[in-house]
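Colleague: Please find one structure pasted underneath; my questions will follow.
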Amino acid sequence: MINNSLKQLGAMLASKQISSVEMTTEFLDRIDQHNPDINAYIALDRERTLAQAAAADARIAAGTAEPLTGIPIAQKDIFVAKGWQTTCGSRMLESFIGPYDAGVIERFDAAGAVNLGKTNMDEFAMGSSNETSYFGCVKNPWDRSRVPGGSSGGSAAAVAARLCAAATGTDTGGSIRQPASLCGFSGLKPTYGLVSRYGMIAFASSLDQAGPMAKSCEDMALMMNVMTGFDARDSTSLQRDKEDYTRGLPAMTGDKPLAGLRVGLPREFFADGLNAQVGSVVQAAIDEYCKLGAEIVSISLPNTRLSIPVYYVLAPAEASSNLSRYDGVRYGHRAPEYTDLMDMYCKSRAQGFGAEVKRRILIGTYVLSAGYYDAYYLKAQQIRRLIADDFAAAFTQCDVIMGPTAPGTAFRSGEKADDPVAMYLEDLYTIAVNLAGLPGMSIPAGFAEVEGKALPVGLQVIGNYFDEARMLDIGHAYQQVTDWHTRMPEGV
Ligand code: GLN
């Protein structure tokens, strides 16, 4: 059962082969068994979860079930959920209990999905390895001496180890796609504005976007149907007609089902910085697409080389502003001892935030300061526009863009922890997509042999705005002729 698709799980529930309480219990038992080592979950609440499963069973019995009713889904601990500990991976929020539900949580609840627990993450979603979490690192189920990627590392490990049927994540610069690549599953960052940010703890608001993390594109399409939609409580939420993301998924016909699809390969994504083994796995996936009828177009995204420096001006700038609310009064940890108000602020923030978060607040405050605003922040905004223009030009030549998701495979815990710049390079191919607000997806493309271990490699697919349904179809076509997405790590 644990390797079944969401559709198969839904069919098992509908036919009463299993109840949601039984299904949920099986996942909870697996979590009890494996989580002490993998550390994918920060908060679990068996009673609350099983109560939701029982309610789902009643709904199934009443004949009002929707596709995800009764299915256990893990939620990244960045989403405020009523009655649940909601920490964002930080000591700052260690004792925060959600007083309301985030838009995303509300939507899963309304669909009857079961909240299995809150997953571990880099502190305030800042990181690429899950090592900045106050609640400890997460282990990559494919090799427990390695990181799962980040910042959605807990959701990633939970999906890979089948400690949930699927999970949610958020992606500001790559946090859904890079862990999907490092842990061998499918992850999608939607077009900015499609999924509500209400109740999703803010890191860099102009870049943050939630999306599905699941085994397959078919599963992600079902989750997109639940997650997307206008929310008046998020000022950047987009008002659009409701889409059915599963509409193009039925089995392929003919041996060239993707005939006419123009796939752009950015020259800059296959240059220095890409691990050779990862490059050949990605190339093999692209060859598979050619067999399905796709044609290759060589494109250039000249300004994407500036995406990391631009991101590390803009994201910290937004973060420094967003995180000013954690002052020990309105929100967050308050130092137990202090002399006056200023001392209370200083001690509370010094104790509540970890090193990476402090680094970002310092950078952000600096680039926004009066003397430097034009030189850094304004300049970065201008280059952000040029990066978006590069994509706009590319999409006149091709329908989708493909390339690697991450420059390498999962690295060893601690390997990059003391070298922030090496860590920042993990998002070399993903960050430009956030800066442009485009949808990007990573799907399992095979394995690279590293020191005697087979480690997963992801293929990134970047689409034009609102092209998620087509991207999912394209991923689904590949997943019908390959079985990478069904592979499971040993020992779980
Ligand atoms: N790794 C990037 C960072 O540290 C992106 C994180 C994210 O997407 N949340 O900021």
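Colleague: For the stretch 184-196, how many residues meet the condition of being within 13 Å of the ligand (Cβ to nearest atom) and not aromatic (Phe, Trp, Tyr)? Steps first, answer last, please.
Modeller: Of the residues in the stretch 184-196, the ones within 13 Å of the ligand (Cβ to nearest atom) are 187, 189, 192.
Now restrict to residues that are not aromatic (Phe, Trp, Tyr): 187, 189.
So the answer is 2.
Colleague: Would you confirm whether any residue within the stretch 333-347 is over 30 Å from Phe96 (Cβ atoms) and either open to solvent by less than 30 Å² (accessible area, probe 1.4 Å) or among the hydroxyl-bearing types (Ser, Thr, Tyr) (or both)?
Modeller: Checked the stretch 333-347: no residue is over 30 Å from Phe96 (Cβ atoms) and either open to solvent by less than 30 Å² (accessible area, probe 1.4 Å) or among the hydroxyl-bearing types (Ser, Thr, Tyr) (or both).
Colleague: Then there is this: Checking the conditions here, which among Pro489, Pro444 is part of a loop (DSSP other than H, G, I, E, B) and in contact with a Pro (Cβ under 8 Å, 6 or more places away or on another chain)?
Modeller: One residue alone meets the criteria, Pro489.
Colleague: Now, a different point. Among Arg384, Arg470, which is closer than 28 Å to Asp287 by Cβ and part of a helix (DSSP H, G or I)? Walk me through how you get there before you give the answer.
Modeller: On the way: Arg384 fails: closer than 28 Å to Asp287 by Cβ.
Of the residues listed, the single one that is closer than 28 Å to Asp287 by Cβ and part of a helix (DSSP H, G or I) is Arg470.
Colleague: Shifting gears a bit: In the set Tyr366, Tyr331, Tyr338, Tyr345, which member is aromatic (Phe, Trp, Tyr), part of a loop (DSSP other than H, G, I, E, B) and without any contact (Cβ under 8 Å) to a residue 24 or more places away in the chain?
Modeller: Tyr338
Yes or no, residue by residue, for (1) closer than 27 Å to Leu306 by Cα; (2) over 23 Å from the mean Cα position of the chain (by Cα):
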site	(1), (2)
Leu238	no, no
Glu243	no, no
Gly254	no, yes
Leu258	no, yes
Leu261	no, yes
Gly264	yes, yes
Glu268	yes, yes
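Colleague: Identify, by number, the condition in (1) surrounded by 15 or more Cβ atoms within 10 Å (Cβ to Cβ); (2) farther than 16 Å from Tyr478 by Cβ that Asp244 doesn't meet.
Modeller: It is condition (1) that Asp244 fails.
Colleague: Mind counting the residues in the stretch 99-120 that are part of a helix (DSSP H, G or I), touching a strand residue (DSSP E or B) at 6+ places or on another chain (Cβ under 7 Å) and either closer than 22 Å to Thr25 by Cα or aromatic (Phe, Trp, Tyr) (or both)?
Modeller: 2
Colleague: Can you spot a residue in the stretch 165-183 that is in contact (Cβ under 8 Å) with a residue 12 or more places away in the chain, away from the ligand (no atom under 16 Å from the Cβ), assigned to a loop (DSSP other than H, G, I, E, B) and within 16 Å of Thr49 (Cβ to Cβ)?
Modeller: So in the stretch 165-183, the residues in contact (Cβ under 8 Å) with a residue 12 or more places away in the chain come out as 165-183.
Retained after the next criterion (residues that are away from the ligand (no atom under 16 Å from the Cβ)): 165-166.
With the extra rule that they be assigned to a loop (DSSP other than H, G, I, E, B), the set shrinks to 165.
With the extra rule that they be within 16 Å of Thr49 (Cβ to Cβ), the set shrinks to 165.
Scanning the stretch 165-183 turns up at least one residue that is in contact (Cβ under 8 Å) with a residue 12 or more places away in the chain, away from the ligand (no atom under 16 Å from the Cβ), assigned to a loop (DSSP other than H, G, I, E, B) and within 16 Å of Thr49 (Cβ to Cβ).
Colleague: For residues that are touching an Asp or Glu at 6+ places or on another chain (Cβ under 8 Å) and surrounded by fewer than 24 Cβ atoms within 10 Å (Cβ to Cβ), scanning just the stretch 138-184, find the one that is farthest from Leu68 (Cα to Cα).
Modeller: Per the stated criteria, the residue is Arg144.
Colleague: Among the residues of the stretch 100-140, how many are more than 15 Å from the ligand (Cβ to nearest atom), touching a Lys or Arg at 6+ places or on another chain (Cβ under 6 Å) and not charged (D, E, K, R)?
Modeller: 4
Colleague: Give the residues of the stretch 415-450 that are within 20 Å of Val159 (Cβ to Cβ) and under 16 Å from the mean Cα position of the chain (by Cα), sorted by residue number.
Modeller: Glu426, Asp427, Thr430, Pro439, Gly440, Met441, Ser442, Ile443, Pro444
Colleague: Still on this model: What number of residues within the stretch 262-320 satisfy the criterion of being assigned to a helix (DSSP H, G or I), open to solvent by 40 Å² or more (accessible area, probe 1.4 Å) and hydroxyl-bearing (Ser, Thr, Tyr)?
Modeller: 1
Colleague: Would you pick out the residues in the stretch 55-98 that are over 14 Å from Met121 (Cβ atoms), open to solvent by less than 10 Å² (accessible area, probe 1.4 Å) and part of a helix (DSSP H, G or I)?
Modeller: Ala56 - this is the single residue of the stretch 55-98 that is over 14 Å from Met121 (Cβ atoms), open to solvent by less than 10 Å² (accessible area, probe 1.4 Å) and part of a helix (DSSP H, G or I).
Colleague: Taking into account only those residues within the stretch 100-130 that are open to solvent by 40 Å² or more (accessible area, probe 1.4 Å) and in contact with a Ser or Thr (Cβ under 9 Å, 6 or more places away or on another chain), which is farthest from Ser181 (Cα to Cα)?
Modeller: Going through the stretch 100-130, the residues open to solvent by 40 Å² or more (accessible area, probe 1.4 Å) turn out to be 100, 106-107, 109-110.
Now restrict to residues that are in contact with a Ser or Thr (Cβ under 9 Å, 6 or more places away or on another chain): 106-107.
On the way: Glu106: 28, Arg107: 27 Å.
Ranking the qualifying residues of the stretch 100-130, first place goes to Glu106.
Colleague: Hey, could you check the stretch 412-434 for residues that are hydrophobic (A, V, I, L, M, F, W, C) and outside any helix (DSSP H, G or I) and say which is farthest from the ligand (Cβ to nearest atom)?
Modeller: Start the filter on the stretch 412-434 by keeping residues that are hydrophobic (A, V, I, L, M, F, W, C), which leaves 417, 421-423, 425, 428, 431-433.
Cutting the leftovers down to outside any helix (DSSP H, G or I) gives us 417, 428.
Details: Ala417: 13, Leu428: 11 Å.
Result: Ala417.
Colleague: Being within 16 Å of the ligand (Cβ to nearest atom) and touching a Pro at 6+ places or on another chain (Cβ under 8 Å) is the filter here; which residues of the stretch 141-150 pass it? It would help to see each step written out before you state the result.
Modeller: First, the residues of the stretch 141-150 that are within 16 Å of the ligand (Cβ to nearest atom): 147-150.
Of everything in the stretch 141-150, those that are within 16 Å of the ligand (Cβ to nearest atom) and touching a Pro at 6+ places or on another chain (Cβ under 8 Å) turn out to be Pro148, Gly149, Gly150.
Colleague: Let me ask you something else. When you go through Gln381, Gln397 one by one, which is the residue that is touching a residue at least 12 places away in the same chain (Cβ under 8 Å), in contact with a Gly (Cβ under 9 Å, 6 or more places away or on another chain) and open to solvent by 10 Å² or more (accessible area, probe 1.4 Å)? Lay out the reasoning, then the answer.
Modeller: On the way: Gln381 fails: in contact with a Gly (Cβ under 9 Å, 6 or more places away or on another chain).
Only one candidate passes the filter, namely Gln397.
The values are calculated or read from the model by the stated rules, or taken from the named source; none is laboratory data. Bear in mind the structure is a predicted one, so any value in this text is a computation, not a measurement. In this analysis, Cβ positions are derived from the backbone assuming ideal geometry, glycine residues included, and neighbour counts consider all displayed protein chains. Side chains included, ligands, DNA and RNA excluded: accessible areas come from the protein's heavy atoms. Shrake-Rupley method; radii C 1.70, N 1.55, O 1.52, S 1.80 Å.
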